[in-house]
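Values quoted throughout were computed directly from the atomic coordinates according to the rules given, and no laboratory measurement underlies them. Model, not experiment: these values are computed from the prediction. We place every Cβ from the backbone using ideal geometry, glycine too, and count neighbours over all the protein chains shown.
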Amino acid sequence: MQAPAFSTVAEFLKPITWFPPMWAFSCGVVSSGKPFADHAMLIIWGVLLAGPWVCASSQAVNDWFDRHVDAINEPQRPIPSGRMPGRWGLYIAVLWSLLSLAWAWPLGSWGFAATCLGLLLSWAYSAPPIRLKNNGWWGNSACALSYEGLAWVTGAAVMLGGALPSDKTMLLALLFSFGAHGIMTLNDFKAIEGDRQMGVRSLPVQLGAMRAAKVSAVLMLAPQLIVLALLLFWDKSSYAVAIGALMIGQIILLRDFLKRPIEKALFYSGFGVPLLVSGMMVASFSVNSLGIES
């Protein structure tokens, strides 16, 4: 059987999806308070692990086990279009998972354990019999924890030589993971029909588009409001103001999304979500400035 073209494999691994965990890992690096110059190779190694390896693995796993759903929702993708023939999708998913583990080994016990957990969640999300994706509450939680919280904590822990990050760092990572749950829901609006036919109970399928949009908005905004309050409590008012300004921008954009969630979900992902993730980095610098990790 002929191997797929390199361009097809690259499309299959979805580079556009690598940004969130790479960004979250970088947030952990910043929150550690450690000098970047002294750990440059470690940072580059970890960012590559989070994106081109672990995230790419999860995308390959998801596309293999979603091939029947994609045949309805997105038939142009590599597997349903026939450009990724036979079981090549599965072979790449397994190979990339193993390569991710090999890449993680030099990062020490924290980096390797986090990689194992991230890969476990990615396979549990997509593969039967667990297939967390079949329920939007569980599936989105697994993605949010892996892409944001786990990557953030791992970035901090690796910079700290394997030590557990501070309570403040852990709390911020957890809060933004809740926000990421709402972000994950945005991806489900484009696939409602196929998900319904194939028994995937995403939040838009379970709740309807309008209610799912409201839940997504609350999950994105509420954690940021808590972060803002925490920053004020930690006497970091300038950072709190920055978070507040970013939230105002999101609220303005959310008005259109909440009126027409199916049509505007992609638009909000492109313009509203960057404001949220910018707040993640603001929060990271706030922890850095406290000097609590050193």
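For region 126-144, give me each residue that is of a type in the set (Gly, Ala, Ser) and assigned to a helix (DSSP H, G or I). Of everything in region 126-144, those that are of a type in the set (Gly, Ala, Ser) and assigned to a helix (DSSP H, G or I) turn out to be 126, 136, 139, 141, 142, 144. Screening residue 90 on (1) over 15 Å from the mean Cα position of the chain (by Cα); (2) closer than 29 Å to residue 213 by Cα shows it passes everything except condition (2).
Residue by residue, here is whether (1) in a helix (DSSP H, G or I); (2) touching a residue at least 40 places away in the same chain (Cβ under 8 Å); (3) more than 27 Å from residue 273 (Cβ to Cβ) holds:
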position	(1), (2), (3)
3	no, yes, yes
55	yes, yes, no
91	yes, no, yes
99	yes, yes, yes
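Could you tell me whether any residue of region 278-286 is free of Cβ contacts under 8 Å to residues at least 60 places away in the same chain, closer than 30 Å to residue 163 by Cα and of a type in the set (Ser, Thr, Tyr)? Within region 278-286, one or more residues are free of Cβ contacts under 8 Å to residues at least 60 places away in the same chain, closer than 30 Å to residue 163 by Cα and of a type in the set (Ser, Thr, Tyr).
One residue is enough: does region 104-124 have a residue meeting the conditions in contact with a Pro (Cβ under 9 Å, 6 or more places away or on another chain), touching a residue at least 24 places away in the same chain (Cβ under 8 Å) and assigned to a loop (DSSP other than H, G, I, E, B)? No, region 104-124 contains no residue that is in contact with a Pro (Cβ under 9 Å, 6 or more places away or on another chain), touching a residue at least 24 places away in the same chain (Cβ under 8 Å) and assigned to a loop (DSSP other than H, G, I, E, B).
Going by the conditions given, is residue 31 buried (at least 21 other Cβ atoms within 10 Å of the Cβ) and polar (S, T, N, Q)? Break it down into steps so the answer makes sense when it comes.
Working: buried (at least 21 other Cβ atoms within 10 Å of the Cβ): yes; polar (S, T, N, Q): yes.
When the stated conditions are applied, residue 31 passes them.
Of the residues making up region 254-270, those that are closer than 22 Å to residue 16 by Cβ and of a type in the set (Lys, Arg) number 1. Of the residues in region 214-236, none is farther than 26 Å from residue 150 by Cβ and of a type in the set (Gly, Ala, Ser).
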